[in-house]
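The values are calculated or read from the model by the stated rules, or taken from the named source; none is laboratory data. Not measured: the values here are computed from a predicted model. Cβ: placed from backbone, ideal geometry, glycine included. Neighbour counts: every protein chain shown. Just the protein is used for accessible areas: all its heavy atoms, side chains included, with ligands, DNA and RNA removed. Shrake-Rupley method; radii C 1.70, N 1.55, O 1.52, S 1.80 Å.
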Amino acid sequence: MNASVDLSDVRLETDRLILREWQETDLEDFYEYARVDGVGQMAGWQPHDTIETSKIVLDIFMSGKKTFAVQLKENNKVIGSVGIEELSMVPGAEYESLYGRELGYVLNKDYWGKGIMPEAVKKVIEYCFENCGCDYLICSCSPANSQSKRVIEKCGFEFLTEKVRKLSDGTERTALYHTLHK
Ligand SMILES: CC(C)(COP(=O)(O)OP(=O)(O)OC[C@H]1O[C@@H](n2cnc3c(N)ncnc32)[C@H](O)[C@@H]1OP(=O)(O)O)[C@@H](O)C(=O)NCCC(=O)NCCS
């Protein structure tokens, strides 16, 4: 079952980051990383060709209330997102009475390799377990996405299974599913 999530007025903090709801003024920062080749594709979406595309997605983030903007304290720039998504699969019969969610994340390419996403995801995991009633979380990546696999490992998830999953653009891709329990 999906745990319920509502990020209205939620603000989390880590050493380097503020995690908060998306707002209209984040549009330029969002488009800056969403238009770059090789970023969105790894998460299952195409680079944004115009800022209007980013505006449409930003509106979905704002109304959905389940996606954090990742803001860097040192310059106040929004450099990524962490979504507490609905489950794309239930790992097994024993999970059917449990509450879960699925995490997804993307980071501006200029900031890769500094441990920023593990720092953000660990905080979101804590939030899901302590504030959203989650019993477990899942997270998936493609077998070729070693960068995301490292984030998953650093955050304590364990490999569960390999499965074909449908992406937001309708295409299908093999995914390595991982779970983390409260
Ligand atoms: C996955 C992602 C969020 C990782 O964020 P991050 O903050 O860079 O994570 P880390 O700093 O912990 O780096 C993770 C791994 O990326 C690799 N890496 C580091 N710098 C890199 C760079 N400049 N370019 C490519 N890979 C790099 C390293 O293997 C690193 O693992 P290590 O710490 O064991 O060396 C980021 O790469 C990204 O946004 N990728 C595109 C979107 C995506 O894949 N989302 C997940 C979909 S499942």
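Miscellaneous remarks
- The chymotrypsin sites (Phe, Trp or Tyr not before Pro) of the stretch 76-182 that DSSP puts in a loop, and whose beta carbon has at most 14 other beta carbons within 10 Å, are Trp112.
- In terms of its C-alpha gyration tensor, the stretch 1-68 has a prolate overall shape, because the principal axis ratio a/c (a ≥ b ≥ c, square roots of the eigenvalues) is not below 1.5 and a/b outweighs b/c.
- Exposed loop sites were defined as GluC sites (Glu not before Pro) in DSSP loop states (anything but H, G, I, E or B) carrying at most 11 other C-beta atoms within 10 Å; in the chain the longest segment without such a site runs 97-182.
- When Ser63, Ser140, Ser54 are compared by accessible surface with a 1.4 Å probe, the order from highest to lowest is Ser63, Ser140, Ser54.
- Here the stretch 11-181 is treated as a sphere whose radius is the Kirkwood value from Cα pairs; by Stokes-Einstein at 25 °C and 0.890 mPa s it diffuses with a coefficient of 150 µm²/s.
- Counted by Cβ distance under 11 Å from Arg165, the other residues give a net charge of 0, where Lys and Arg count +1 and Asp and Glu count -1.
- Accessible carbon and sulfur surface of the chain relative to its total accessible area, %, 1.4 Å: 46 percent
- Of the DSSP H helices in the chain, those whose Cα atoms cover at least 20 Å axially and whose Kyte score averages -0.5 or more: 116-131
- Cross-link reach is defined here as a Cα-Cα straight distance under 20 Å, omitting same-chain residues fewer than 8 places apart; for Lys163 the aspartates and glutamates meeting it are Glu85, Glu86, Glu94, Glu96, Glu102, Glu153, Glu172.
- Working from Cα pairs under 8 Å separated by at least six residues, relative contact order for the chain is 21 percent.
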